[in-house]
Amino acid sequence: MELSNLFAAGGVVMWPLLACSILAVTLIIERLLFWLRVNRRQHRVVREVLQLYRQSKRVAAVEKLQQHADLPVARIFLAALELEQPTPEEFRLALESGAQAELPTLKRFNNVFETIIGLAPLLGLLGTILGLIASFASLNIGAVGGGQTTGVTAGISEALVATASGLVVAIFTLLFANTFRGMYLRQIALIQEYGGQLELLYRRRDERGEVSYAATR
């Protein structure tokens, strides 16, 4: 069966399912590009920034972060490094606040994915019910003929196609949503690791009395 015929056979619920599938694909592409950008550059940038900061080149580290300000971890580091001579506690709080501010970006569209995953099977179920209603409506007890068979067949076809389409949209979206959730959890762990390394370097410099603009330039 051709795609156009399959779409027509699914009935009216195929339109909202089509909208859900287009929305899901669009958001999936956006998230794939986002995570590709983050995973490709993040480790290298963090390694270089920590190395610069370890060498007491704070200004160079800040400039490096500003060049990569599109990365969540860079914005988190900037939130702490741009403070003027903070105490270790203030430095830690700045890192934590920066990390909290990045959570919406990391979890972006998760609610939309969950909505599509829950809505698509329900739309498929609605199509099943409508198809069965059409089948029974075209069936007259005691009447046998080609017209009767055609009406029943069309209703059953609508029911099955709608159900299958709803499940396909939900399963497809679920696979990517779980992948993005795994990336989000991994990113949170990495942010905690990188933030801990930067905080440790700052505390060591604070203990040595090196935390001042004169000493870091």
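The values are calculated or read from the model by the stated rules, or taken from the named source; none is laboratory data. Just so we're clear, the structure is a prediction, and the values are computed from it rather than from any experiment. Note that each Cβ is placed from the backbone with ideal geometry, even for glycine, and that neighbours are counted across all protein chains shown.
Here are a few things to note about the model shown:
- Some residue of the range 46-55 being within 30 Å of Leu201 (Cβ to Cβ), at pLDDT 95 or above, under 25 Å from the mean Cα position of the chain (by Cα) and not hydroxyl-bearing (Ser, Thr, Tyr): yes
- Once the range 1-58 is narrowed to residues that are of a type outside the set (A, V, I, L, M, F, W, C) and either touching a Ser or Thr at 6+ places or on another chain (Cβ under 6 Å) or not in a helix (DSSP H, G or I) (or both), the residue that is nearest to Pro104 (Cα to Cα) is Arg58.
- Test: residue in the range 184-191 that is farther than 30 Å from Gly124 by Cα, surrounded by fewer than 21 Cβ atoms within 10 Å (Cβ to Cβ), modelled with pLDDT under 95 and of a type in the set (Lys, Arg): no
- Considering residues of the range 7-26 that are aliphatic (A, V, I, L, M) and in contact with a helix residue (DSSP H, G or I) (Cβ under 6 Å, 6 or more places away or on another chain) only, the residue modelled with the highest pLDDT: Ala24
- Out of Leu50, Leu23, sole residue that is in contact (Cβ under 8 Å) with a residue 40 or more places away in the chain, aliphatic (A, V, I, L, M) and closer than 30 Å to Gly124 by Cα: Leu23
- Qualifying residue in the range 76-87 (condition: free of Cβ contacts under 8 Å to residues at least 24 places away in the same chain, more than 19 Å from Glu207 (Cα to Cα), in a helix (DSSP H, G or I) and in contact with a Gly (Cβ under 9 Å, 6 or more places away or on another chain)): yes
- Taken over the range 68-110, residues that are under 18 Å from Gln197 (Cα atoms), among the β-branched types (Val, Ile, Thr) and within 24 Å of the chain's Cα centre (by Cα) amount to 2.
- Checking Phe91, Phe113 one by one, the residue that is touching a Phe, Trp or Tyr at 6+ places or on another chain (Cβ under 6 Å), crowded, with 19+ Cβ neighbours inside 10 Å and part of a helix (DSSP H, G or I) is Phe91 and no other.
- Scanning the range 82-89 turns up no residue that is of a type outside the set (Phe, Trp, Tyr) and closer than 26 Å to Leu33 by Cα.
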